[in-house]
1. Taking segment 94-104, which residues are more than 15 Å from Asp43 (Cβ to Cβ) and either open to solvent by 70 Å² or more (accessible area, probe 1.4 Å) or of a type in the set (S, T, N, Q) (or both)?
2. Hey, among Ser90, Ser65, which residue is touching a residue at least 12 places away in the same chain (Cβ under 8 Å) and either among the hydroxyl-bearing types (Ser, Thr, Tyr) or more than 21 Å from Asp28 (Cα to Cα) (or both)?
3. Does segment 57-91 hold any residues that are surrounded by fewer than 18 Cβ atoms within 10 Å (Cβ to Cβ), at negative phi and among the polar types (S, T, N, Q), and which are they?
4. Please specify each residue of segment 35-49 satisfying the condition of being under 14 Å from the mean Cα position of the chain (by Cα) and open to solvent by 10 Å² or more (accessible area, probe 1.4 Å).
5. Can you find a residue that is open to solvent by 20 Å² or more (accessible area, probe 1.4 Å) and at positive phi anywhere in segment 12-33?
6. Check Tyr82, Tyr121 and return the single one that is touching a Lys or Arg at 6+ places or on another chain (Cβ under 8 Å) and not charged (D, E, K, R).
7. Mind checking which residues of segment 113-145 are of a type outside the set (Phe, Trp, Tyr), open to solvent by 100 Å² or more (accessible area, probe 1.4 Å) and farther than 30 Å from Asp86 by Cβ?
8. Only residues in segment 132-143 that are touching a residue at least 40 places away in the same chain (Cβ under 8 Å) count as the first member; pair them with residues that are open to solvent by 100 Å² or more (accessible area, probe 1.4 Å) and part of a helix (DSSP H, G or I), Cβ under 7 angstrom, at least 6 apart or cross-chain, and list the lot.
Amino acid sequence: RKLEDFSTFVNIFTNKADHIDIIQSINDDIILPLQRLAFKCGDIDIIRKITAFPLGYIYESIENSRLEVFNIFLRNLSISFYEAIDLEKSVQEEFYDIYFRRLKEISRYSLKPRVIKDEEYFKFIVSLLTIFNVLLKAAFDKENESLFLKILHLVNSSFVREDYEYDE
């Protein structure tokens with residue numbers, strides 16, 4: 001309930017172009033610390049709730065073509081990826097399943113259809129691909145082969161074409 005009330009407050013700023021500094025401050029000073037605390041407690045339900053909060057703003061920023069807001073809250077998802085690396089194995093796996101599903105939804109179902117109609121959304125895809133690159137590097141640095149392969153699968157399945165002009 002408290003997150004819903006806070007969301008109403010944040011909505012005031014996310015819909016106005018001249019408030020990007022305020023959105024950044026709210027994110028850095030309130031949302032990210034809450035996210036870090038959720039991961040420290042290790043409860044998957046709390047983690048889901050706090051990571052779903054910026055996700056709503058990611059979808060809204062795509063809808064309203066607000067790249068700055070998209071990038072602020074997309075960064076939260078990349079930070080949550082790092083936070084999850086230290087979770088208990090079963091909680092970590094459950095989180096990453098949800099996490100990769102969300103990223104795939106953003107790329108495949110929110111961005112891909114829009115970029116076909118409006119090239120401005122290509123900037124959103126570049127931001128998302130940058131995050132994918134960061135995730136690949138993190139998995140590589142941690143020498144986590146299964147996580148690395150999951151990320152590669154995410155990248156491959158996120159922008160797959162449904163139809164092909166040629167047989168091969």
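1. Answer for segment 94-104, where residues must be more than 15 Å from Asp43 (Cβ to Cβ) and either open to solvent by 70 Å² or more (accessible area, probe 1.4 Å) or of a type in the set (S, T, N, Q) (or both): Asp97, Arg101.
2. Ser65
3. Asn64, Ser78, Ser90
4. Once the filter is applied, which keeps residues that are under 14 Å from the mean Cα position of the chain (by Cα) and open to solvent by 10 Å² or more (accessible area, probe 1.4 Å), segment 35-49 yields Arg48, Lys49.
5. no
6. After applying the criteria, what remains is Tyr121.
7. Across segment 113-145, the qualifying residues are Ile116, Lys117, Glu119, Lys123.
8. Correct list of pairs: Ala138/Tyr82.
The values are calculated or read from the model by the stated rules, or taken from the named source; none is laboratory data. Here the structure is a predicted model, which means the values were calculated and not measured. Note: ideal-geometry Cβ built from the backbone for every residue, glycine included; neighbour counts use all protein chains shown. For accessibility, only protein heavy atoms count, side chains too; no ligands or nucleic acids. Shrake-Rupley method; radii C 1.70, N 1.55, O 1.52, S 1.80 Å.
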